[in-house]
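A.B. asks: Sharing a structure with you now.
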Amino acid sequence: MDILLKALAQIPAEKREKIQVIIAGAQHPKLDPTDYGAMIRDLGLEDTVDLIKKHIPDEELDALYRQADICLFPYRDIYGSGALLMAYSYGKPVITSDIPAFREETQNGKTGILTAGGDPEKLKEAILKAADWSRKEYLDDQKEIEKLTEEKYSWKISAKILREAYRKR
């Protein structure tokens, strides 16, 4: 999250006026004791970032995903992301770190933008690029998401994989 906040702080104020970021989810202080509320204030991002520091119940997730134009996943390291796959179920393009799990889950960036993980400057560039997408570019990414979810993440494909796994037992 610090990478995202640092990236947003580098965006010129006149361009940042067009960007609204919601950071949502519980923070686990033992794993990450950072005071992100203070960081948002220190970087002057109060008008750009809404911080919802709590577990988001399923019934509230729908509204958050529907409200989003793009979902951001600037992780340094991760093995997979249910939140990213959930973004796909809403047809939302993504900006992700260029790490193995996300290269695979985005088909090497066909469903959004891959950016150097851990680099606020590169993330800033990716955010500005996405903010300037044409309607056609946005819709093209949505078509790639639809294709990916039908070919790889559909219930039909999941059931087939599960059936094959049971047969191997």
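A.B. asks: Scan K53, K92 and give me the residue that is in contact with a Phe, Trp or Tyr (Cβ under 8 Å, 6 or more places away or on another chain) and farther than 30 Å from K147 by Cα.
C.D. replies: None of the other options fit; the residue is K53.
A.B. asks: Every residue in segment 35-85 that is of a type in the set (D, E), in a loop (DSSP other than H, G, I, E, B) and either within 15 Å of A7 (Cα to Cα) or more than 16 Å from the chain's Cα centre (by Cα) (or both), please.
C.D. replies: Passing the criteria: D35, E46, D47.
A.B. asks: Let me ask something else. Please pick out the residue among S81, S134 that is touching a residue at least 24 places away in the same chain (Cβ under 8 Å) and not charged (D, E, K, R).
C.D. replies: After applying the criteria, what remains is S81.
A.B. asks: So, one more: Inside segment 27-49, can you point out the residues that are closer than 18 Å to D77 by Cα and hydrophobic (A, V, I, L, M, F, W, C)?
C.D. replies: L31
A.B. asks: Moving to a separate point now. Considering every residue within segment 30-44, establish whether at least one is touching a residue at least 12 places away in the same chain (Cβ under 8 Å), surrounded by 14 or more Cβ atoms within 10 Å (Cβ to Cβ), under 30 Å from E150 (Cβ atoms) and not acidic (D, E).
C.D. replies: For segment 30-44, residues touching a residue at least 12 places away in the same chain (Cβ under 8 Å), surrounded by 14 or more Cβ atoms within 10 Å (Cβ to Cβ), under 30 Å from E150 (Cβ atoms) and not acidic (D, E): absent.
A.B. asks: Is one or more of the residues making up segment 101-118 modelled with pLDDT under 90, among the β-branched types (V, I, T), buried (at least 20 other Cβ atoms within 10 Å of the Cβ) and under 26 Å from G25 (Cα atoms)?
C.D. replies: Within segment 101-118, one or more residues are modelled with pLDDT under 90, among the β-branched types (V, I, T), buried (at least 20 other Cβ atoms within 10 Å of the Cβ) and under 26 Å from G25 (Cα atoms).
A.B. asks: How about segment 49-69: which of its residues are out of contact with any strand residue (DSSP E or B) (no Cβ under 6 Å at 6 or more places or on another chain) and closer than 24 Å to P12 by Cα?
C.D. replies: Selection gives Q67, A68, D69.
A.B. asks: In this structure, does D132 turn out to be touching a strand residue (DSSP E or B) at 6+ places or on another chain (Cβ under 8 Å), within 17 Å of I70 (Cα to Cα) and either modelled with pLDDT of 90 or more or hydrophobic (A, V, I, L, M, F, W, C) (or both)?
C.D. replies: In short, no.
The values are calculated or read from the model by the stated rules, or taken from the named source; none is laboratory data. This structure is a prediction, so every number in the text was calculated from the model and none was measured. Using ideal geometry, Cβ is built from the backbone for each residue, glycine included, and neighbour counts are taken over all protein chains shown.
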